[in-house]
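Colleague: A single structure is presented below for examination.
No lab work stands behind these numbers, since they all come straight from the coordinates. What you are looking at is a predicted structure, and each value in this text was computed from that prediction instead of being measured. Because the Cβ atoms are built from the backbone with ideal geometry, glycine has one as well, and the counts that use them run over all protein chains shown.
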């Protein structure tokens, strides 16, 4: 799978949403509009995907939800905050590890220019897999 292509579609769609709506809304509004844009671009994307925790031999549903999962591989974590913190990045990295997903995007819509609110994170536990497809 070409993760660069998928993340490119996501970034393009997020920029379109940000241009239309600007900063200042709730994450849920950005999520709904971003899903609309992704579907319009024929990207397989789902919102509020359940993320259980696997511990030993048990699976625990503790209420974690991925904002958007694209192409069953790219986790998109949306924020509408003044400042993205290490905790936000840790949350995305946890989803990548728990789901064994190769790459994720952290998108903060509470910025003047969306490029200032974009971060791409790679699951280092799957770095070999992700690196192959990103070449």
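Colleague: Set the Förster radius R0 to 22 Å, insert the Cβ-Cβ distance between residue 72 and residue 116 as r into 1/(1 + (r/R0)^6), and round the FRET efficiency to 0.05.
Modeller: 0.15
Colleague: Which of the peptides 54-60, 77-83, 87-93 is most tightly packed, and how do the rest follow, judged by the mean count of other Cβ atoms within 10 Å per residue?
Modeller: 77-83, 87-93, 54-60
Colleague: Also, I was wondering about something else. Taking the chain, how much of its Cα-Cα pair set, in percent, is spaced more than 27 angstrom apart?
Modeller: Considering the chain, 16 percent of its Cα-Cα pairs are separated by more than 27 Å.
Colleague: Length gain on complete extension for the stretch residue 5 to residue 90, per 0.36 nm per residue less the alpha carbon to alpha carbon distance?
Modeller: Working it through step by step, the gained length comes to 28.2 nm.
Colleague: Can you give me the Cα centroid spacing of the range 53-73 and the range 1-33 in angstrom?
Modeller: If we compute the Cα centre of each part, the gap is 22 Å.
Colleague: How big is the C-alpha Rg of the range 66-114 next to the rule-of-thumb value 2.2 N^0.38 Å, as a ratio?
Modeller: Cα Rg divided by the expected 2.2 N^0.38 Å: 1.13.
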